[in-house]
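Let me begin by presenting the structure, written as structure tokens, before commenting on it.
The values are calculated or read from the model by the stated rules, or taken from the named source; none is laboratory data. In this text the structure is predicted, and so the values were computed from the model without any measurement. Here Cβ is always computed from backbone atoms with ideal geometry, including for glycine, and neighbour counts include all displayed protein chains.
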Ligand code: FES
């Protein structure tokens with residue numbers, strides 16, 4: 001039974017998409033193996049690639065460090081659309097009209113692919129065609145929207161400016177509609193693909209953490225437990241790449257978190273998918289939960305580890321929902337982490353110029369369902385050697401000078417700023433001041449430590465220095481995790497890695513022995 005806090009929000013963060021996923025548990029990798037294609041990452045890009053390649057007769061192994069679908073794909077809003085907020089005017093400015101058009105078409109083809117799969121394979125996944133609306137509520141936003149509408153015209157996008165929304169509870173000044181987009185239930189859809197490829201002989205390994213790729217003579221994925229998979233091609237689809245080669249991906253992407261509520265509303269939601277032009281972003285779509293129509297209320301994005309008290313983001317969404325529709329009950333709350341490249345176009349293709357057999361797909365921004373599917377279609381063509389018209393748009397080897405250099409400097413200045421800030425800001429909280437279910441950075445004997453007191457009163461103490469490149473992590477109260485402000489690594493309150501690029505857990509301390517500041521690797 002869901003427990004609620006005094007503000008009416010569920011106490012635990014839990015994604016609706018992960019309720020009742022219809023998949024068996026898969027074993028971890030216990031022996032070395034040789035396959036045609038090894039794929040690391042059991043989200044939409046990895047699973048769709050594995051499915052497509054298996055269908056084409058390749059021997060595939062799919063690995064996940066957790067269980068399939070429990071990463072970003074299990075925490076999405078699950079809009080399947082090429083309307084990615086305000087993007088096309090910016091893309092035309094930065095990468096030119098031809099590539100901007102390719103971005104649109106790649107995403108539209110991804111939507112069409114999903115629709116074909118649903119229809120041809122009869123996948124029951126609540127797939128619904130919906131129009132998508134980008135709306136402006138201020139004069140400044142109207143100006144941006146009009147520029148975006150002009151970009152739609154130039155790119156031949158099926159859309160138009162309109163004066164009001166079907167969702168009349170939001171008073172808008174203008175809106176830009178993109179017709180015939182879609183929404184679905186992502187884990188129902190992907191579970192079916194997993195079942196089909198497993199039946200055709202694909203190897204699937206869960207709880208198998210890939211830690212390195214060795215490309216000396218043959219390409220091999222090395223796992224934490226000392227096993228390896230040899231493969232002609234390796235696809236890195238692990239959200240943040242578990243392996244960067246010399247591609248400097250940490251410096252070319254940043255991580256952003258956003259928040260989602262699934263709520264019963266007093267007013268009826270008319271259908272359609274919505275996203276605001278203005279800040280803070282508000283994104284909406286319907287969802288059917290246990291036969292009841294509900295609304296997903298999404299927004300409050302911020303760089304990982306750089307937000308305020310994370311529960312405030314959920315409260316802001318709840319306030320917006322109350323004001324807009326009146327809320328009967330918030331049934332689920334969860335959050336998502338997305339990776340954003342410097343030019344906002346995903347990286348899909350060879351990881352570096354000198355490692356042609358290792359391909360990567362990452363940086364889908366907040367639009368992983370369409371971008372992730374587009375990635376799988378492109379990766380499949382790169383493996384089979386079939387030409388793909390989108391390869392030059394998405395290649396990670398690109399350097400788009402316009403947003404590139406400036407944003408590298410800004411993003412890395414931000415990282416340096418966070419690194420320095422974390423080292424000089426000393427906390428004044430004490431262990432004894434921690435309440436039940438509270439975490440904080442505290443000082444113990446002059447040293448900075450992270451502590452969390454669980455509901456039973458057990459205390460978990462970790463070293464707050466991120467194991468990636470040494471920034472200081474901060475407490476995320478809504479998810480009960482330690483989040484790094486530099487490149488978005490996240491750790492559980494016990495210090496285990498939840499999201500990379502960090503690979504190694506935070507150092508843990510036995511708090512009973514902290515008088516001597518004695519570290520222990522496990523157990524309390
Ligand atoms: Fe890079 Fe923490 S994620 S220092």
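Of all residues in region 467-504, those satisfying the criterion of being closer than 19 Å to residue 224 by Cα, within 12 Å of the ligand (Cβ to nearest atom) and in a loop (DSSP other than H, G, I, E, B) are 467, 468, 489, 500, 501, 502, 503, 504. Inspect all residues belonging to region 144-151 and state whether any of them is free of Cβ contacts under 8 Å to residues at least 60 places away in the same chain and assigned to a loop (DSSP other than H, G, I, E, B). No, every residue in region 144-151 fails to be free of Cβ contacts under 8 Å to residues at least 60 places away in the same chain and assigned to a loop (DSSP other than H, G, I, E, B). Scanning region 36-75 for residues being under 17 Å from residue 200 (Cα atoms) and not in a loop (DSSP other than H, G, I, E, B) gives a total of 18. Of all the criteria given as (1) surrounded by 16 or more Cβ atoms within 10 Å (Cβ to Cβ); (2) farther than 27 Å from residue 484 by Cβ, the one not satisfied by residue 343 is (2).
Identify all residues within region 452-466 that are assigned to a loop (DSSP other than H, G, I, E, B) and within 13 Å of the ligand (Cβ to nearest atom); write none if there are none. Write out each step before concluding.
We begin by selecting, within region 452-466, every residue assigned to a loop (DSSP other than H, G, I, E, B); these are 454-458, 464, 466.
Of everything in region 452-466, those that are assigned to a loop (DSSP other than H, G, I, E, B) and within 13 Å of the ligand (Cβ to nearest atom) turn out to be 464, 466.
Look at (1) within 24 Å of the chain's Cα centre (by Cα); (2) surrounded by fewer than 16 Cβ atoms within 10 Å (Cβ to Cβ) and you find that residue 70 fails only one, number (2).
Step by step: first the residues of region 8-21, then only those that are in contact with a strand residue (DSSP E or B) (Cβ under 9 Å, 6 or more places away or on another chain) and in a loop (DSSP other than H, G, I, E, B), then the one that is farthest from residue 334 (Cα to Cα). Which residue is that? Outline the logic, then answer.
From region 8-21, those in contact with a strand residue (DSSP E or B) (Cβ under 9 Å, 6 or more places away or on another chain) are 8-19; that's our starting set.
Subsequent filtering for residues that are in a loop (DSSP other than H, G, I, E, B) retains 8-9, 11-15, 19.
Details: 8: 14, 9: 11, 11: 10, 12: 8, 13: 5, 14: 5, 15: 5, 19: 12 Å.
So the residue we want is 8.
Do the conditions hold for residue 462, that is, is it out of contact with any helix residue (DSSP H, G or I) (no Cβ under 7 Å at 6 or more places or on another chain) and modelled with pLDDT under 90?
On the way: out of contact with any helix residue (DSSP H, G or I) (no Cβ under 7 Å at 6 or more places or on another chain): yes; modelled with pLDDT under 90: no.
No, not satisfied.
Within region 219-265, the residues that satisfy the criterion of being over 20 Å from residue 42 (Cβ atoms), part of a strand (DSSP E or B) and within 16 Å of the ligand (Cβ to nearest atom) are 253, 254, 256, 257. The set of residues in region 356-376 being under 24 Å from residue 336 (Cα atoms) and not in a loop (DSSP other than H, G, I, E, B) consists of 360, 361, 362, 368, 369, 370, 371, 372, 373, 374, 375, 376. Count, please, the residues in region 306-320 that happen to be crowded, with 21+ Cβ neighbours inside 10 Å and over 18 Å from the mean Cα position of the chain (by Cα). Within region 306-320, residues that are crowded, with 21+ Cβ neighbours inside 10 Å and over 18 Å from the mean Cα position of the chain (by Cα) number 1.
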